Amino acid sequence: MSPLREIRANPGQFFPSVLVVFIASLFGTTIMQGIAILSAWLTSAKIIAESTNAQNLLTVVGYVFFLIALFVSAIVIANTFSIIVAGRSRQLALLRLIGASAKRLRRAASVEGLLISVPSAILAFAVSTALSWATLSYLGERVTTHVGLLEPVMVVPALATIVVTWGSAYLGAFRITRISPIEATSQAVDRRPEDARASLGALTATLLLLTMGLTFLISAVVGAGSQRLSIMGVLLVALGAVLTFLGIIVGHPWILPPLQTLIGRLLGRTAVSRLAAKTIAQHPTRNARTVIGLVIGITLIVMFATAMTTFRDQMVAYARSLGEGGWNGLEDALADVVDKTMLFFLGLILFSVIIAVIGVANALMLSVRQRTQEIGLLRALGQTPKRVRRMIAAEGLQLSLTACVIAVPLGIAYGWIGALTLLSPLLGIFAPSVPWWVIIAVAGGSLVAVLAASRGPARAATSISPVDALEAV
């Protein structure tokens, strides 16, 4: 199997991965070059000429959010190649039959990921550099120090994206090792789910991570009742949040499918919704990998919004409780600063959500290609194109609702516990300030984005000829 020949023969199947690589690389390069421009502008304006703390903090925050976007990209790309491999079962089985090893075929699939990532990363670097030059031209004489937009360090995000894509394609092609050469001798290849249930080892690790994480979080809440701020309490919150979230990521093949089934039943009032729920149930782990990217992005948005909103409301209420001798009206300025900071963070996290939405659209499109015969038979049995399109849209809707049901409570809990740990010495125990406008916006925006992204797969589904499907039976 020649990777270059495969890309030339069917380039459309790689488009979602190309788009994900472009966005992730563009995000990382823009952060690097943007921080350089901002630092030069602040230094030129002598705002922080004597201190680099603000620059260092901004750099760390930018790197953290780029790593988050890169992690979501890895999930999306690995899922993409897993489904691509599943759609090539007959071809790969034939290659296995004539002597090709699974290891060699898997390496070839990873080379495909490398080949599509390099031009995408180069294009992203060029676009980011052009935008940075335009920004410098706009600032003009307000930036008096040199900004090295073409320094070697600026290429690091693009290189990191290429390496992650290469590795993700290799991991996503793991299903090749399970394809038997005997499948090539069958007229109708059994398209078994490429997403077998996760191992018991993964379940054990999930339970261990969740138990440890919840123990740390509960200990932090109990410790907050003593109204003493300690480094240990802050570390417990951070460690507990990381462990519980890591437990959900590791155990998503076990956690998400039952929830997907439940949501499918709740929404399955019509024949279209029931068909969508049945399709999701047939490939639980594949769809769980698709959902986990949305879970990460939505959780982070809700977490930061809850933490910042709770911090703002509690500090403003505390300042006003002091009366006229309190903060002398500075609480309004504090609220304004917190709101602007929150919008900045939400803008950074939005990149992860965009990548995750592309992942959902990608999964729907490749699912349609894999179910050509099934959809064609539905058309032959009387399903109208409109109902087929509604079925594909219902699949995306159910997947995005699953992500929201998991991510919103997680985000609220993480944000509240974080704010509680920091402010309990001053205010005691308090309830979270839930940012409903953020939750409604991110949940509604995700649903709308997924529905819009499902239009392409829906059109592809309705283009399937019933006659061709019947001939393949």
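For region 90-175, which whole-number percentage of the solvent-accessible area (1.4 Å probe, protein heavy atoms only) is attributable to carbon and sulfur atoms?
Details: 3290 of 4620 Å².
Ligands and nucleic acids excluded, carbon and sulfur reach 71 percent.
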Separation in nanometres of the label points that stand 7 Å from Cα toward Cβ, at Ala9 and Ala271: 3.8
Zone of Leu159's modelled label, taken as backbone nitrogen in region 28-42 under 16 Å from a point 7 Å along Cα→Cβ: 28-29, 32-33
Where only alpha carbons of region 380-427 are counted, the Rg and the Dmax (Å): 20.8, 68
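Rolling a 1.4 Å sphere over the protein heavy atoms, what is the accessible area per residue of region 118-174, to the nearest Å²? Walk me through the numbers on the way to the answer.
On the way: 3230 Å² over 57 residues.
With the other protein chains kept in place, region 118-174 gives 57 Å² per residue.
I need the calculated FRET efficiency for the pair Ala100 and Leu259, taking r as the beta carbon distance and R₀ as 56 Å, to the nearest 0.05.
On the way: r = 39 Å, r/R0 = 0.70.
It comes to 0.90.
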Simple label model, 7 Å out from Cα along Cβ direction - Leu447 to Leu207, nm: 3.6
For region 290-323 versus region 84-153, the gap between their alpha-carbon centres in whole angstrom: 35
Ile35 paired with Leu214, simple spin-label distance in nm, labels 7 Å along Cα-to-beta-carbon: 3.7
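The values are calculated or read from the model by the stated rules, or taken from the named source; none is laboratory data. On a predicted model such as this, the values are computed, not experimentally measured, just so you know. Don't worry about glycine lacking a Cβ; one is built from the backbone with ideal geometry, like all the others, and counts go over all protein chains shown. Protein only, heavy atoms only, side chains kept; ligands, DNA and RNA dropped before computing areas. Shrake-Rupley method; radii C 1.70, N 1.55, O 1.52, S 1.80 Å.
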